[in-house]
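The values are calculated or read from the model by the stated rules, or taken from the named source; none is laboratory data. Small disclaimer: the values here were computed from a predicted structure and weren't measured. Cβ coordinates were reconstructed from backbone atoms using ideal geometry, including for glycine residues, and neighbour counts include every protein chain displayed. Each accessible area value is taken on the protein alone, full model and side chains, heavy atoms only, with ligands, DNA and RNA left out. Shrake-Rupley method; radii C 1.70, N 1.55, O 1.52, S 1.80 Å.
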Amino acid sequence: MNNVHLRHVGKVYAGNVEAVRDVSIEIDDGQFCVLVGPSGCGKSTLLRMVAGLETITSGEIAIGDTVVNDKDPSERDIAMVFQNYALYPHMSVYDNMAYGLRNRGTPKAEIETRVQEAARILELGALLERKPKALSGGQRQRVAMGRAIVRKPRVFLFDEPLSNLDAKLRIQMRVEIKKLQRSLGITSIYVTHDQLEAMTLADVLVVMNKGRVEQSGSPMSLYERPKTTFVASFIGAPPMNLLPLTGGDMPGLSLFSRPQGEKIVLGVRPEHLELSSPGNEGHPLALDLLVTATEAVGAESYLYGALGGAGQEVIVRVNGSSTVAAGETVRVTASARHLHFFDGASGQRIDGE
């Protein structure tokens, strides 16, 4: 079994700087796990500890039944794909893919078989004699992936492999990586700061913040039921609207009562707000917004509105044919099942809501 277990893993640098704090993650055989979070949250450090490129301060990392804390990277049977491709510029595509196998003394016939098979999977057959300088960014990334595939590792590790590509190519490569991982069935850990990339690739999504795991689970479970305001605002594009409220004084909110003066945060996603009309009492949440800007993106549009005198911004997703313009005041409503409530002090989801 090529599962990966991280148990209470921590990393402390000189000066008592905690980069990773008590992280525990279970990744089953063949699963695609994505670590996502803002810069500096510890996701790349964690990946490098799995790879053996960073020492572990505390905890345990196991691949299969083997604890690998003290094993060198070459002993862990992993293959890593980096952001910068890391190809040898003087070697052909074929030689770049075969280089690691030659260093391990793999028979020539087996090298040929493995390289040709990887080239077939990645559609690199016509490029095997080219040098990296004659390839596009997407082709170079496929070569880097091919170099990993020929290893036939127990685990794939991806460190923001698409960051250097343009938006269109990122989408294409994202689909290719997903199809590749599915066909090979190799346990994979992928690091990115792009939440859309994370949502579309992951079987298991791990959101990290300040060195800790904020929440983990299936992408849709995090989207539909975030445990904290951080996850609520990080997962989703545009992010969830988060509105600070005070218990006992919640204008426009006819449902959900809290003790007088208690600080809470109401969350509602842009797509769950609907244009309504004054006097509509059919929903527990009704807000009047002054539209400050609109953004048309084709089949849908986004309205940016200011709520009340405080100027709290609210984003509403509407049909692309909407004629609402900046300067108008609109009423938006949301049903009870689409409302989320968080503690105003801790940011934690309020149980039962």
Pick the calculated Cα extents along the principal axes in Å for this structure from (i) 56, 54, 41; (ii) 55, 48, 39; (iii) 78, 46, 35? (iii)
Between the range 202-226 and the range 113-176, the Cα center-to-center distance that results, in Å: 27
For a test of the definition: using alpha carbon positions, the gyration tensor, and the 1.5 limit on a/c, classify the range 120-196 as rounded, prolate or oblate. oblate
GNM on the chain, Cα springs under 10 Å; top mean-square fluctuation among 109, 336, 62 goes to 109
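Roll a 1.4 angstrom probe over the protein heavy atoms and tell me the percent of accessible area of the chain that is carbon or sulfur.
Details: 8040 of 16590 Å².
Carbon plus sulfur share of accessible area: 48 percent.
As an exercise, use a Förster radius of 30 Å and the Cβ-Cβ distance of residue 348 and residue 306 to find the FRET efficiency, rounded to the nearest 0.05. Can you show the working numbers first?
Numbers: r = 28 Å, r/R0 = 0.93.
Efficiency, rounded to the nearest 0.05: 0.60.
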For residue 136 and residue 275, what does the FRET efficiency come to when R0 = 41 Å and r is the distance between their Cβ atoms, rounded to the nearest 0.05? 0.40
Is the shape of the range 93-134 rounded, prolate or oblate, going by the alpha carbon gyration tensor and its root eigenvalues a ≥ b ≥ c, with a/c under 1.5 for rounded and a/b larger than b/c for prolate? oblate
What accessible surface, in Å², does a 1.4 Å probe find on residue 71, ignoring ligands, DNA and RNA and rounding to the nearest 10? 70
Quick one: grab the alpha carbon gyration tensor of the range 289-332, order the square roots of its eigenvalues as a ≥ b ≥ c, and give me rounded if a/c is under 1.5, else prolate or oblate depending on whether a/b is larger than b/c. prolate
I want to check the label-to-label distance for residue 163 and residue 58. Put each point 7 Å from Cα in the C-beta direction and report it in nm to one decimal. 2.8
Tell me the accessible surface of residue 178 in square angstrom (1.4 angstrom probe, heavy atoms of protein chains only), to the nearest ten. 40
I want to verify a result. In a Gaussian network model of the chain, Cα cutoff 10 Å, which of these has the top mean-square fluctuation: 110, 224, 54? 110
Expected output is a single nm value to one decimal: the length gained when fully extending between residue 86 and residue 71, i.e. 0.36 nm times separation in residues minus the C-alpha distance. What is it? 3.1 nm
Most packed first (mean Cβ within 10 Å per residue), the peptides 165-171, 142-148 order as 142-148, 165-171
Surface accessible to a 1.4 Å probe, per residue, for the residues of the range 33-185, Å²: 47
In the Gaussian network model of the chain, springs joining C-alpha atoms below 10 Å, which of 267, 15, 37 carries the largest mean-square fluctuation? 15
